[in-house]
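Notes to accompany the following structure.
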Amino acid sequence: MSEEINVQETAAEPVADTVSQDALENVVTLKKGDTVKGTVVKIDDNQAYVSLGYKYDGVIPLRELSSVNIDNAAEAVQIGQEVEAKIVSINDAKESLVLSKRQADAPRAWDELQAKSDNGEAFEVVITDVVKGGLVADVGVRGFIPASMVERHFVEDFSSYKGRTIKVKVKEIDRENNKVILSAKDVLEAEYEEKKQQIMSSLEPGQVLEGKVQRLTPFGAFVDIGGIDGLVHVSEIAWQHVAHPADVVSEGQDVKVKVLKVDPSIGKISLSIKAAQPGPWESAVGQFNIGDIVTGVVKRLVSFGAFVEIAPGVEGLVHISQIAHRHIATPYEVLKEGQEVQAKVLDFNPAEKRVSLSIKETEEAPARPEREARAPRAPREESNLPPAESMSFNLGERFGDKLSKFK
């Protein structure tokens, strides 16, 4: 098989002495390893035909079209597209000219990727394959995007990413080992931080905004407020006690939040869901009246009484004297935390956030036991003492001589 051919664009016959100078200039010598340019004129499933302006077209097999695995030649090139390819083999007798677009792309791709890496430049790529551990993109060479570098958040299923165009940066490049690691997450993080600073500069404490719950953690919920996240601490999710954010809100839920604090220096936004809602005492206005019998839950026991929650966030005090009809030394004798009780509203003052309750007034007082009849006094025993009359005497007789001096 010959590795060199001489072809003439204007004539198929051997060049004669009378051939014009222009015709001679169109005679080009091709050899294996040369890089040529041409136009895609036909596409089969497993190869593409390229017109080079010579007497027969070159063929690029499927494996030589791209640096990544593809199933069809149309995934790599289109009819009418100008391509650069390297000559892999020549067989003039069979008019066979095998080309490689992949080999022609690689050297230029490495140089461009190195420049992008040095400059920290972001650029777009098309995802050509989803593999175990991440995504693959054709960047002139095979570029790999690890799963952890695709998004800012965890992605469980990447099947929908094939064919998508995403923006990436070069994370790692190793030409010697033919290794290119790309990161879309770095681009997203940079864009997020830029947008975050813009939005944070427009935020002020006290603003009420619409948001969407992005993710939940044991310590709170991260809420998107227009492209950036703010933290709603677990204590700011609801007016009542919340053990875990998932007990009250869910990911994807639309919520109204109030801005509590903005700290651009550390990029922190503190939000509150409960502060954007009417407070429990505001909601309680008109809900309770003096004399009402209500059902509540014992929240706390203290030495002087018990705090009973009669509505979310509304606690009233049952003084120790109002717990039971009998005397008790401590509320623990009768109540326990978490116990459901009935209580009577003695006083309700939402402005001062104060409710006085009584448990004992919801219960009937026990009847007092009847007092036993007093036993009759025993008869007085006789004694040798003289009768009372015998003990009477005249003061004058007894003290007359002494009283006379006062006359």
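Contour minus end-to-end for Lys42 and Ser283, with contour as 0.36 nm per residue of separation and end-to-end as the Cα-Cα distance? Before the final figure, lay out the partial values.
On the way: separation 241, 0.36 × 241 = 86.76 nm, distance 7.44 nm.
Taking 0.36 nm per residue and subtracting the Cα distance, the gain is 79.3 nm.
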Summed residue charge, Cβ within 10 Å of Phe123's Cβ, Lys/Arg positive, Asp/Glu negative
0
Which chymotrypsin sites (Phe, Trp or Tyr not before Pro) in segment 147-218 pass both tests, a DSSP loop state and at most 11 other beta-carbon atoms within 10 Å?
Phe154
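List the GluC sites (Glu not before Pro) within segment 150-199 that DSSP assigns to loop and that have no more than 16 neighbouring Cβ atoms inside 10 Å. It would help to have the intermediate numbers written out before the result.
Numbers: sites: Glu151, Glu156, Glu172, Glu176, Glu189, Glu191, Glu193, Glu194; in loops: Glu151, Glu156, Glu176.
Passing sites in segment 150-199 are Glu151, Glu156, Glu176.
Among 137-147, 310-320, what's the highest-first ranking by average C-beta atoms within 10 angstrom per residue? Display every interim value, and only then the final one.
Values: 137-147: 21.2, 310-320: 19.6.
Result, highest mean first: 137-147, 310-320.
Quick one: divide the alpha-carbon radius of gyration of segment 262-302 by 2.2 N^0.38 Å and tell me what you get.
Working: Rg = 17.9 Å, N = 41, 2.2 N^0.38 = 9.0 Å.
Taking the Cα Rg and dividing by 2.2 N^0.38 Å, one obtains 1.99.
Within a Cβ distance under 15 Å of Arg354, other residues only, what is the Lys/Arg minus Asp/Glu net charge?
Details: positive: Lys353; negative: Glu282, Glu309, Glu315, Asp347, Glu352.
Result for the local shell: -4.
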Using a 10 Å cut-off around each Cβ, can you sort Ser272, Ser250 from fewest to most neighbouring Cβ atoms?
Ser250, Ser272
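Given the pairs Lys185/Lys256; Lys86/Lys171; Lys101/Lys167; Lys101/Lys169; Lys55/Lys94, which are separated by over 22 angstrom at their Cα positions?
On the way: Lys185/Lys256 29 Å; Lys86/Lys171 29 Å; Lys101/Lys167 24 Å; Lys101/Lys169 24 Å; Lys55/Lys94 12 Å.
In this structure, Lys185/Lys256; Lys86/Lys171; Lys101/Lys167; Lys101/Lys169 exceed 22 Å between Cα atoms.
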Once Lys and Arg get +1 and Asp and Glu get -1 on their Cβ, which of Leu231, Ala243, Ser201 lies farthest toward the positive end of the dipole of segment 191-325?
Ala243
Antiparallel DSSP beta bridges within segment 108-185, as percent of all bridges there, nearest 5:
95
Chymotrypsin sites (Phe, Trp or Tyr not before Pro) restricted to segment 247-318 and DSSP loop, no more than 13 other C-beta within 10 Å
Phe304
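Hey, with R₀ at 30 Å, roughly what FRET efficiency would Lys212 and Lys162 work out to, going by the Cβ-Cβ distance, to 0.05?
Working: r = 27 Å, r/R0 = 0.91.
Rounded to the nearest 0.05, the efficiency is 0.65.
Here, each number is a calculation from the coordinates, and none is a lab measurement. In this text the structure is predicted, and so the values were computed from the model without any measurement. For neighbour counting, all protein chains shown are included, and Cβ atoms are generated from backbone atoms with ideal geometry for every residue, glycine included.
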